[in-house]
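Participant: Handing you this structure, nothing more for now.
The values are calculated or read from the model by the stated rules, or taken from the named source; none is laboratory data. Given the structure is predicted, the values throughout are model-derived calculations rather than measurements. A quick note on method: Cβ atoms are made from the backbone with ideal geometry, for glycine too, and the neighbour counts reach across all protein chains shown. Heads up: the accessible areas ignore ligands, DNA and RNA and are worked out on the full protein's heavy atoms, side chains in. Shrake-Rupley method; radii C 1.70, N 1.55, O 1.52, S 1.80 Å.
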Amino acid sequence: MEKETMILTRKIQLLIDSEDKQVIKAAKDQLYSWQRICFRAANMIMSHHFVQEQVKDFFYLTEEIKLKIADEKKEENGILKSSQQNTTYRLLSNHFKGQIPTNILSYLNNTLISSFNKEKVAYWKGEKSLRNYKKNIPLPFGAEVISKLSHTPDGRNFCFRLFQIPFRTYLGKDRSDKKVLLNRVLNGTLKLRSSQIQLDQGKIYLLAAIQIEKEQHHLDTSVIAEASLSIEHPVTVKIGSHEHTIGNKEEFLHRRLAIQAAIYRVKKAVTFNRGGHGRKRKRKSLEDYQHQERKYIDYKLHVYSRMLIDLCVKHEAATLILVNQELKEEIAKEDPFLLQNWSYYSLKEKIAYKADRAGIQLVVE
């Protein structure tokens, strides 16, 4: 039976809940220390599991040796002292015990092994290379280590403790559903699942994974919606005798190309900008425009995908088919203009997420 729940992830800025500068500095130093350990640990996990899968190749000269990647206590030809998943956890525990909470190591190990098992067939076929994790890797943790979740005295934010570090949220002028979701987590109607802490340019973010129920709509399995993504009209959808177009080329590209033209002008002038703080100060205006372009694209794609799913719900379509999408993506790879200006993958990703939440089956042709 299909699950009636799904996981939403919301990025929420956090502040250290203290007025003491020394406490804030110590907490940040601690978090960055844990991040460095996670960076090392993540690459160790992937390397060891890759080697374990390939270990038979190391003995190709000795045909009489039979090997099996399994616990020697449970399998006759097993060569491991514990289960395969536990090997890397024990490895991390030996290296980093006492330097980082074991909860982080446990969830890091489980998450990475799950990713490895999903992708390992692609590794053997040469379709993917082994994942390489960077120094800005998020810190995973279980929801059980969050304690004392409550409202701040002003009622605008939330405070809690994570590994005994006091945090409070900074929602600002939040126009999304972050505050509503956190309120529902606080009163027990929603559950917080294993989440992550992300450190980015001195700021701290909570990547909160929240389990919610899927939207309940009356959908007819005999009604099928066919959607086509293109540069002329971002989305064209046909449901029975009804056909709708969402957005148009001029509306989507006009502002994006205008922002790109501004980026080009600013880039030429970067050399002559006032310094003072070196490269960072000179490139500030350029980075502002680049951020503006990303923000605009993300907003428009959210609007298009939301309108598409709303149309499917309105016409009670239980299935949504993206027609000839794989062929279009191949063509886009060969067209520099399309590749740079039309975000096929991102739009498809947002449609898939919203379709799943609405209980609509998505098929990509």
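The rows are residues; the columns are (1) part of a strand (DSSP E or B); (2) in contact (Cβ under 8 Å) with a residue 24 or more places away in the chain; (3) under 18 Å from LYS203 (Cα atoms).
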{"position": "GLU127", "(1), (2), (3)": "no, no, no"}
{"position": "TYR133", "(1), (2), (3)": "no, yes, no"}
{"position": "PRO166", "(1), (2), (3)": "yes, yes, yes"}
{"position": "GLY172", "(1), (2), (3)": "no, yes, yes"}
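Participant: Return the residue satisfying two criteria in turn: it lies in the stretch 213-228 and is under 17 Å from ILE351 (Cα atoms) and of a type in the set (Asp, Glu), and of such residues it is modelled with the lowest pLDDT.
Facilitator: Of everything passing the filter in the stretch 213-228, GLU215 is modelled with the lowest pLDDT.
Participant: Identify, please: which residue in the stretch 165-211 is of a type in the set (Phe, Trp, Tyr) and over 20 Å from the mean Cα position of the chain (by Cα) and is, among those, farthest from LYS135 (Cα to Cα)?
Facilitator: It comes out as TYR170.
Participant: Moving to a separate point now. I'm trying to understand the selection: among the residues of the stretch 87-123, which are open to solvent by 60 Å² or more (accessible area, probe 1.4 Å) and without any contact (Cβ under 8 Å) to a residue 12 or more places away in the chain?
Facilitator: Within the stretch 87-123, ARG90, ASN94, LYS97, GLY98, THR102, ASN117, LYS118, VAL121 qualify.
Participant: Would you kindly identify the strands (runs of 3 or more DSSP E) lying entirely within the stretch 1-120 that contain at least 2 residues that are among the charged types (D, E, K, R) and modelled with pLDDT under 85?
Facilitator: 68-71
Participant: Return the only residue of GLU144, GLU127 being loosely packed, with under 11 Cβ neighbours inside 10 Å and at pLDDT 90 or above.
Facilitator: After applying the criteria, what remains is GLU144.
Participant: Determine, yes or no, whether LEU182 is touching a Ser or Thr at 6+ places or on another chain (Cβ under 8 Å) and over 23 Å from CYS38 (Cα atoms).
Facilitator: Considered against the rule, which asks whether it is touching a Ser or Thr at 6+ places or on another chain (Cβ under 8 Å) and over 23 Å from CYS38 (Cα atoms), LEU182 comes out as yes.
Participant: I've got another one for you. Taking the stretch 175-194 as the region of interest, how many residues are more than 15 Å from LYS11 (Cβ to Cβ) and open to solvent by less than 30 Å² (accessible area, probe 1.4 Å)?
Facilitator: Looking only at that region, the number is 2.
Participant: Determine which single condition GLY172 fails, assuming it passes every other condition in (1) loosely packed, with under 14 Cβ neighbours inside 10 Å; (2) over 25 Å from LYS28 (Cα atoms).
Facilitator: It is condition (2) that GLY172 fails.
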